[in-house]
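Only the coordinates and a few stated rules stand behind these numbers; no lab work does. Predicted, not measured: the structure shown is a model, and the values here were computed from it. As a convention, Cβ positions derive from the backbone with ideal geometry for all residues, glycine included, and neighbour counts pool all protein chains shown.
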Amino acid sequence: MKQLALHSYLCDSTTERLPANIKSDLMMLLCQRGLINDINIQRFLHSRLVSLDLSECNVTDTGLSHLQMCNMLRKLDLNSLKEPRQSITSRGIMCIASSCRFLQTLGLRRCVNITDESLVSVAQNCRQLRDLDIGGCCLITDLSLAELGKNCGLLRSLNFSATNVTDNGIFSLVSGVCAVSLQEVHMASCRHITDDAVEAVILYCKNISIIIFHGCPLITEKSREALGDAGSNLQLKQVTWTVY
């Protein structure tokens with residue numbers, strides 16, 4: 001019965017006139033069931049929306065364009081939980097970045113068609129960003145990390161696993177304004193990073209507590225030794241790596 005009731009809201013044109021709090025509750029339930037799409041998303045959006053999880057939903061740049069009205073949005077989850085998400089591109093993310101400037105948490109995992117252009121826009125517009133997941137976004141390069149390091153002084157958690165970054169991008173990131181705030185760095189399965197990148201994170205990010213760098217073929221025993229040398233200077237809670 002509950003599922004039938006939810007479907008009735010999808011077809012009811014009066015939904016747009018519901019109070020904001022009821023719209024938010026409905027949106028959450030519909031998102032959990034993967035029922036939100038480009039056609040119906042606008043009915044449930046409102047200017048006071050602060051959190052939106054579209055990880056289970058089939059939306060494209062068209063659907064994301066409607067989020068321009070949600071300028072109080074703090075958290076947006078577009079992570080793909082299993083397969084790569086092809087339907088979202090830099091155009092959609094840039095639209096969000098220009099309108100939702102108070103974003104604190106942004107999940108873009110496995111959004112394989114987003115490029116540095118979109119992350120530059122996020123870094124320059126969303127200065128309150130705290131948590132960013134771009135793991136599996138294979139088109140992302142050093143340019144994105146450089147802009148995050150330059151602009152996002154509150155950034156505390158960053159996942160750029162399986163991207164196309166190199167040591168240079170990580171140097172730019174950790175020598176920037178987010179060095180003190182960074183607590184969690186995921187850089188697993190990055191083919192181009194070396195021990196120098198791991199050492200840079202350890203050296204500059206004094207509050208780091210989680211560092212993940214398994215599956216990086218250029219990492220050697222030198223990284224393990226660097227972690228050992230850092231010793232009590234770091235308050236590490238989780239470390240995973242693979243030595244080749």
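Sorted by packing (mean other beta-carbon atoms within 10 Å per residue), highest first, where do 126-132, 206-212 land?
126-132, 206-212
The aspartates and glutamates whose alpha-carbon is closer than 14 Å to the alpha-carbon of Lys75, local same-chain residues fewer than 8 away aside, are Asp53, Asp131, Asp133. Shape annotation for the range 108-155: C-alpha extents along the principal axes are 25, 17, 14 Å, from largest to smallest.
Recomputing volume of the Cα convex hull per residue in Å³ from the coordinates shown identifies the correct label among (1) 132; (2) 157; (3) 115 as (3).
Excluding same-chain neighbours fewer than eight residues apart, the aspartates and glutamates reachable from Lys206 by a Cα-Cα span under 15 Å are Glu184, Asp229. In the range 72-157, taking the dipole from charged Cβ atoms about the Cα centre, the farthest positive-side position among Leu81, Leu143, Val120 is held by Leu81.
Length gained on full extension, Asp25 to Ser47: 6.5 nm, using 0.36 nm per residue less the C-alpha separation.
Place a +1 charge on the Cβ of each Lys and Arg in the range 14-110 and a -1 charge on the Cβ of each Asp and Glu, then give the dipole magnitude about the Cα centre in debye, rounded to the nearest 20. Provide the component values of the computation, followed by the final result.
Values: 13 positive and 8 negative charges, 38 e Å.
The dipole magnitude comes to about 180 debye.
Close amide H partners of Thr194, meaning residues 5 or more places away or on another chain with modelled amide H under 5 Å apart, are Asp167. Against the chain, whose longest principal axis is taken from its Cα atoms, helix 142-151 shows a tilt of about 80°. How high is the relative contact order of the range 167-222, in percent, counting Cα pairs under 8 Å that sit 6 or more residues apart? The normalised contact order for the range 167-222 reaches 45 percent.
The charge dipole of the chain, taken about the Cα centre with unit charges on the Cβ atoms of Lys, Arg (+1) and Asp, Glu (-1), comes to about 800 debye, rounded to the nearest 20.
If only the Cβ of Lys and Arg carry +1 and only the Cβ of Asp and Glu carry -1, the dipole of the range 158-231 around its Cα centre is close to 180 debye.
Can you tell me the relative contact order of the range 80-125? Whole percent, Cα pairs under 8 Å, sequence separation 6 or more. Display every interim value, and only then the final one.
Working: 46 pairs, mean separation 25.8, N = 46.
With pairs under 8 Å counted, the relative contact order is 56 percent.
Across Leu182, Leu73, Leu35, mean-square fluctuation computed from a Gaussian network of the chain (C-alpha pairs under 10 Å connected) peaks at Leu35.
So for the range 102-244, what percent of the C-alpha to C-alpha distances run longer than 21 Å?
Cα-Cα pairs of the range 102-244 separated by over 21 Å account for 34 percent.
Could you tell me which of rounded, prolate or oblate describes the range 42-155, using a ≥ b ≥ c as the square roots of the eigenvalues of the alpha-carbon gyration tensor, with rounded for a/c under 1.5 and, failing that, prolate when a/b is larger than b/c and oblate otherwise? Here the range 42-155 falls in the oblate category. Across the range 27-156, Cα pairs under 8 Å and at least six residues apart give a relative contact order of 20 percent.
Round to the nearest 0.05 the FRET efficiency obtained for Thr240 and Ser175 when R0 = 22 Å and r is the Cβ-Cβ distance. Please list the in-between numbers first.
Working: r = 24 Å, r/R0 = 1.10.
Between Thr240 and Ser175 the formula returns 0.35.
Taking the longest Cα principal axis of the chain as reference, the axis of helix 195-204 is set at about 80 degrees. Which FRET efficiency value, to the nearest 0.05, do you get for Thr62 and Cys138 by plugging their Cβ-Cβ distance into 1/(1 + (r/R0)^6) with R0 = 22 Å? Efficiency, from the Cβ-Cβ distance: 0.40. For the range 122-226, chymotrypsin sites (Phe, Trp or Tyr not before Pro) meeting the loop criterion (DSSP other than H, G, I, E, B) and having at most 12 other Cβ atoms within 10 Å: none.
Between Lys206 and Leu218, the contour length at 0.36 nm per residue exceeds the alpha carbon distance by 1.9 nm.
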